[in-house]
Amino acid sequence: MSQTTAVTTPKVLWRHPHPETTSLERFRYYVNRRHNLSLQTYDDIHEYSTSRYADFWDDVFHYSDIIHTGLYSKVVDTSAPMHTIPKWFDGVKLNLAENILYGPGRDPNKLAVTSIREGNTDVRSVTWDELRTLVARYASAFRNAGVDPGDRVAIVASNTLNTMLVFLAVTALGAIFTSTSTDMGTKGILDRLLQVRPRIVLMEDIAVYAGKKTILKQKAIDVASALKDTPEFEKFIVCPRGSDVGDISQISKSQSLATFLATAKPITREKLFPQHSFDTPYLIAYSSGTTGQPKCIVHGAGGVLISQKKELLLHYNIGPSSTQMIFTTTSWAMYNKSITSLFTGAHIITYDGSPFHTAPTVLLEIAAQHKVTHLGISPRYLEELERRGIEPKKQFDLSALEMVNCTGAALLPQQYAWFYGTAFGAHVQLANSAGGTDTACCFAAQVPTLPIYAGELQRPALAMDIGVFESSSSTNSSGVPIGIPVPRGQPGELVVRKPFPSMPVMFWGAGGAERYHSAYFSQLADVWTQGDYIRIIASTGGVEFLGRSDGVLNPSGVRFGSAEIYSVVQHFPTILDSICVGQRRPRDSDERVFLFVQMRSGAKFTAELEADIRAAIRKALSARHVPKYIFECPELPMTINGKKVEVPVKAIISEKKVVASATLANAGCLRFFERFTRVEELMGEEGRARL
């Protein structure tokens, strides 16, 4: 007698009380009227957005009131293969900064930005009118310094109003903005800047985190010295945390921010916002550096503009009456998201410093004071609140809060239970979204008209035709494996099957086209392969992210590559080789980084060496790069071609079943790593392992 297993739908944790009031519903009505359709559900809209993606993006273009000049005859060539990076809205010209500063909903006297330093100090707010005046001043100074369209301007700074003004001024002129945070080591900064060769670099003189002040003068000297012989580099601007930058004479080509801004002159709106093609580069972001130097990912202004309009309006439900605060550094992809929240006329709050100093509730205090409607944080932040026994709804008036958006890692089911049972209450939408630095948009996102279930992202994002594939034995004419969909509910590779506007316009530097194709189109034929393992949940249609399928490390949502760690460890003469992987077991709420080192013959792994490794990584990269655990290992897994292999080690210590590949030359060495599934039992009281 055959039996069937019933598919049970999990418990609904949240549902919008009035979905008809959302921008997503208004957009559905708009599309139905415009095309004489009868779309009823989110899944209907999503199917329309992927099967008729040119029509969908045309709808978004007109619905979201994008400021532009020029006309387009077609949205995109739908016959162009995805790997050719099709052009969008050819003929349209626009200015990204103008769309931020002068779009609808910008009452000149309404607050636009509030900038807050660590511990809820040094609070400064500016209106839309004041923001426009400040941007014009900064842009005039950059223009007088000779910054032209296509020039790169880099800043090493914290998440403050000053950094945002640099972003808006640079992009207003059609130049390209790029940023890193102050806690990045000199090597990490130069790995990026020596590739993009900026015309101007700005750096803060002091960083403060968790109450600790760090003087950045030596870092500035080293960065400027390394750049001084590049022909493009002309100016190094030091930005003061206090009133004065002090003596900067040792920094090559330097001047203070005050001296730089003193060159500003009145500038007209026409000169401030020259119009550029839809795909004009405006931002360089960086990959995690898994296989060498970070890749320099160039994003186009129009593609990110329209993609962010879609997400902010339709997925986040953000408008002119909203206030959003995203806790992020300037090195993370969410920094771009935090600024582009201004596209909808929302009030945004920037925060510089530790989210737990001087009190573990400081972000919640700010959210209550400023009536934050949308709070962006990481799963690790929620975990820390729970660990400390903090119950936000009992301690603060968060009645204005509509959404808490978590990204950087997947939320665990138990975190949903704590969130709704103890922490925030039923009126708040807990949104877990997933995107990428490379796409500048979400693959899967929150949907305000759908219910929330524990442990899953609500749905694939609109116009993202994502699939779950596995490789087949067949290849295309170029020898690239052809992917095939896995059955619904089964895990596989995340792929995107249709073009989207925020695909990078290029990778910067020599060989960029080849590296671009290798990164996204060499794994499976005719689709974008992101490098994530996911599954579509059969009972709900939600998306579950299962982890990375490459060597990117992701502790607390801070992504970086193993190659960055290797570049430091290789300078230790007694270490033969090393392997760096992340561990996230089923019971873990966050990923932890393990570094295994193989010593040269006769050399010993000591506590002093371990301390030296940690210090070197902290100095060269940042404190966030320092591994949780460092262990000696007798042998590293290698392929028959002599390449070390990370994936099986990561899988083993994360309690996943591993079948050793036939390409491994020393598969037996993998048994050594099995003990680290119980790493806590291995650690002695002195903090060193008993192996």
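FYI, it's all coordinate maths here, none of it is from the lab. The model shown is predicted, which means the values in this text are computed figures rather than measured ones. Glycine also receives a Cβ, built like all others from the backbone with ideal geometry; neighbour counts cover every protein chain displayed.
Model label sites at ALA665 and ASP526, defined 7 Å from Cα along the beta-carbon direction, differ in position by 3.8 nm. Among ILE484, GLY512, GLN523, whose Cα projects farthest towards the positive end of the dipole of the stretch 458-543, with charges put on the beta-carbon of Lys, Arg (+1) and Asp, Glu (-1)? So the residue furthest toward the plus end is ILE484.
Shape analysis of the stretch 514-556 yields a ratio of the Cα radius of gyration to the Kirkwood radius, Rg/Rh, of 1.07. Of the residues CYS296, ASN666, GLN255, the one whose Cα sits farthest toward the positive end of the charge dipole of the chain, with +1 on the Cβ of Lys and Arg and -1 on the Cβ of Asp and Glu, is GLN255. Placing pseudo-labels 7 Å out from each Cα toward the beta carbon at ALA359 and GLU681 gives an inter-label distance of 4.3 nm. Taking other Cβ atoms within 10 Å as a rough exposure proxy, MET683, MET164 sort from fewest to most as MET683, MET164. Using only the C-alpha atoms, the convex hull of the stretch 551-682 corresponds to 110 Å³ per residue. Here the chain is treated with +1 on each Lys and Arg Cβ and -1 on each Asp and Glu Cβ, and its dipole about the Cα centre works out to around 360 debye.
Ranked for footprinting exposure by Cβ neighbours inside 10 Å, fewest first, SER473, SER433, SER307 give SER473, SER433, SER307.
If we count other beta carbons within 10 Å of each Cβ, what is the order of ARG124, ARG380, fewest first?
ARG124, ARG380
On full extension, the segment bounded by THR574 and ALA611 gains 11.9 nm, given 0.36 nm per residue less the C-alpha separation. Taking GluC sites (Glu not before Pro) across the stretch 227-295, the ones in a DSSP loop with at most 12 further Cβ atoms lying within 10 angstrom of their Cβ are GLU232. Simple rule: put +1 on each Lys or Arg Cβ and -1 on each Asp or Glu Cβ in the stretch 551-682, find the dipole, and look at SER578, VAL597, SER654; the Cα lying farthest toward the positive end is SER654.
The charge dipole of the stretch 181-321, taken about the Cα centre with unit charges on the Cβ atoms of Lys, Arg (+1) and Asp, Glu (-1), comes to about 100 debye, rounded to the nearest 20.
The dipole here belongs to the stretch 551-682: it is taken about the Cα centre, uses +1 on the Cβ of Lys and Arg and -1 on the Cβ of Asp and Glu, and is about 260 debye.
A simple spin-label model places the labels of GLN490 and SER478 2.7 nm from each other, with each point 7 Å out along Cα-to-Cβ.
Measuring between alpha carbons in the structure, the pairs from LYS271/LYS337; LYS337/LYS371; LYS310/LYS371; LYS393/LYS650; LYS93/LYS265 lying more than 30 angstrom apart are LYS393/LYS650.
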